[in-house]
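Q: I have a structure I would like to understand better, so I am pasting it below and will then ask my questions one at a time.
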Amino acid sequence: MARKKFIAGNWKLNCLQAEAADLVNGLAQLVQSVQDVDIAVCPPFLSIATVRERVKGTPIKLGAQNAFSVSKDGKSVMSGAYTGEVSPAMLKDAGVEWVILGHSERRQYFGETDAKVNAKIRACYEVGLKPIVCVGELLEERDLGITNSVVEIQVRGCLAGLPAEKVAESVIAYEPVWAIGTGRTATPAQAQEVHAHIRSILVVLYGQSVADQVRIQYGGSMKPDNAKELLAQKDIDGGLIGGASLKAKDFADIILAAR
Ligand code: PGA
């Protein structure tokens, strides 16, 4: 089945307000007429309002890079005594549609686990936010030949107990950690192999029809010059773009490569 390609920009810890405004304004001009590719930008929390004003009337959707929730007494926490956190309900209220969860930088620096990601995804579903769930192996794991099992544990852990109809609308981003911000991209064949594996796990968990709907993005040094070949792979349905999303022209070129 044909899945609409989805290119999302992960701005990470970058862009003051004026820079965020310039970046999104520049991007909006370049992609104004694009309808056949889904597009999102995920600025830092503080720039969300700035960006929201500027994506109105453009094809660009608004995303966030994280959200906080835990399960308490069987319910997802959306407010309360959790200093410094931002809940899915708050993001929804701020006009956000997509949320990146379980990014490897959050796993590496902020103790994110599959169980925590699972609680966050559940909370996002409750308020109608769609997650971009990140998985991917470390270089040592690839060298040991355990990529598929590492990714399988992450996918199963992150999605444990979640309803099929919500999973169908969610996105999984396969991001080999050794390719993130390193300029070292997975080859199209390497990426396709893991993407196909992820889809086969989804078939086991949810059946063929749901597995066919889930979009699986590739992330890790995707650039204008390698995007086309990656995006031509059967199970690569888009990209999660870090560095190259900080330049409007580069990000737009990746979007155009997805057409
Ligand atoms: P990169 O980052 O494109 O800079 O490698 C991708 C990501 O971390 O989502």
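Please treat every number below as a calculation from the coordinates, not as lab data. Not measured: the values here are computed from a predicted model. When we count neighbours, we look across all protein chains shown, and the Cβ atoms used for this are built from the backbone with ideal geometry, even at glycine.
Q: Looking at the stretch 64-110, which of its residues are over 24 Å from residue 51 (Cα atoms), of a type in the set (Val, Ile, Thr) and in contact (Cβ under 8 Å) with a residue 12 or more places away in the chain?
A: 70, 77 - these are the residues of the stretch 64-110 that are over 24 Å from residue 51 (Cα atoms), of a type in the set (Val, Ile, Thr) and in contact (Cβ under 8 Å) with a residue 12 or more places away in the chain.
Q: I'd like to know if the stretch 163-179 contains one or more residues that are in a helix (DSSP H, G or I), within 29 Å of residue 95 (Cβ to Cβ) and β-branched (Val, Ile, Thr).
A: First pass over the stretch 163-179, keeping only residues in a helix (DSSP H, G or I): 164-167, 177-179.
If we keep only those that are within 29 Å of residue 95 (Cβ to Cβ) as well, we get 164-167.
From the residues that got through so far, the ones that are β-branched (Val, Ile, Thr) too are 167.
Within the stretch 163-179, one or more residues are in a helix (DSSP H, G or I), within 29 Å of residue 95 (Cβ to Cβ) and β-branched (Val, Ile, Thr).
Q: So which residues in the stretch 200-242 are of a type in the set (Ser, Thr, Tyr) and away from the ligand (no atom under 16 Å from the Cβ), if there are any at all?
A: If the condition is that a residue be of a type in the set (Ser, Thr, Tyr) and away from the ligand (no atom under 16 Å from the Cβ), then 200, 206, 209 are the ones that fit.
Q: Given the criteria under 16 Å from residue 130 (Cα atoms) and among the basic types (Lys, Arg), does residue 61 qualify?
A: So residue 61 fits the description; yes.
Q: Does residue 138 fit the bill of being exposed (fewer than 15 other Cβ atoms within 10 Å of the Cβ) and farther than 28 Å from residue 2 by Cα? Let's see the steps before the verdict.
A: Working: exposed (fewer than 15 other Cβ atoms within 10 Å of the Cβ): no; farther than 28 Å from residue 2 by Cα: yes.
Against the criterion (exposed (fewer than 15 other Cβ atoms within 10 Å of the Cβ) and farther than 28 Å from residue 2 by Cα), residue 138 does not qualify.
Q: Can you tell me which residue among 196, 123, 189, 173 is touching a strand residue (DSSP E or B) at 6+ places or on another chain (Cβ under 6 Å) and away from the ligand (no atom under 16 Å from the Cβ)?
A: Sole residue among the options that is touching a strand residue (DSSP E or B) at 6+ places or on another chain (Cβ under 6 Å) and away from the ligand (no atom under 16 Å from the Cβ): 123.
Q: Hey, does the stretch 106-115 have a residue that's aliphatic (A, V, I, L, M) and crowded, with 19+ Cβ neighbours inside 10 Å?
A: no
Q: Can you list residue pairs whose Cβ atoms sit under 7 Å apart, with the first residue in the stretch 164-178 being under 17 Å from residue 4 (Cβ atoms) and the second being aliphatic (A, V, I, L, M) and within 10 Å of the ligand (Cβ to nearest atom)? Count only pairs 6 or more apart in sequence or on different chains.
A: Here the result reads 171/132; 173/132; 173/240, each pair linking the stretch 164-178 to a residue that is aliphatic (A, V, I, L, M) and within 10 Å of the ligand (Cβ to nearest atom).
Q: Among the residues in the stretch 218-234, are any touching a residue at least 60 places away in the same chain (Cβ under 8 Å) and not in a helix (DSSP H, G or I)?
A: yes
Q: Test each condition in (1) out of contact with any strand residue (DSSP E or B) (no Cβ under 8 Å at 6 or more places or on another chain); (2) part of a helix (DSSP H, G or I); (3) closer than 27 Å to residue 88 by Cβ; (4) not hydrophobic (A, V, I, L, M, F, W, C) for residue 154 and report the one that comes out false.
A: Condition (1) is where residue 154 drops out.
Q: Looking only at the stretch 186-205, count every residue that is within 23 Å of residue 38 (Cβ to Cβ) and touching a Pro at 6+ places or on another chain (Cβ under 9 Å) and tell me the total.
A: Residues flagged as within 23 Å of residue 38 (Cβ to Cβ) and touching a Pro at 6+ places or on another chain (Cβ under 9 Å) within the stretch 186-205 amount to 3.
Q: For the structure I just gave you, tell me whether residue 112 is out of contact with any Phe, Trp or Tyr (no Cβ under 8 Å at 6 or more places or on another chain), within 16 Å of the ligand (Cβ to nearest atom) and of a type in the set (Asp, Glu).
A: yes
Q: On to the next question. Would the stretch 2-18 turn up any residue that is farther than 20 Å from residue 106 by Cα and in a strand (DSSP E or B)?
A: yes
Q: Would you confirm, using the coordinates I've provided, whether residue 101 is within 16 Å of the ligand (Cβ to nearest atom), of a type outside the set (Asp, Glu) and surrounded by fewer than 21 Cβ atoms within 10 Å (Cβ to Cβ)?
A: no
Q: Another question, if that's okay. Restricting to the stretch 35-62, name every residue that is among the hydrophobic types (A, V, I, L, M, F, W, C) and touching a strand residue (DSSP E or B) at 6+ places or on another chain (Cβ under 9 Å).
A: From the stretch 35-62, those among the hydrophobic types (A, V, I, L, M, F, W, C) are 37, 39-42, 45-46, 48-49, 51, 55, 60, 62; that's our starting set.
Across the stretch 35-62, the qualifying residues are 37, 39, 40, 41, 42, 45, 48, 51, 55, 60, 62.
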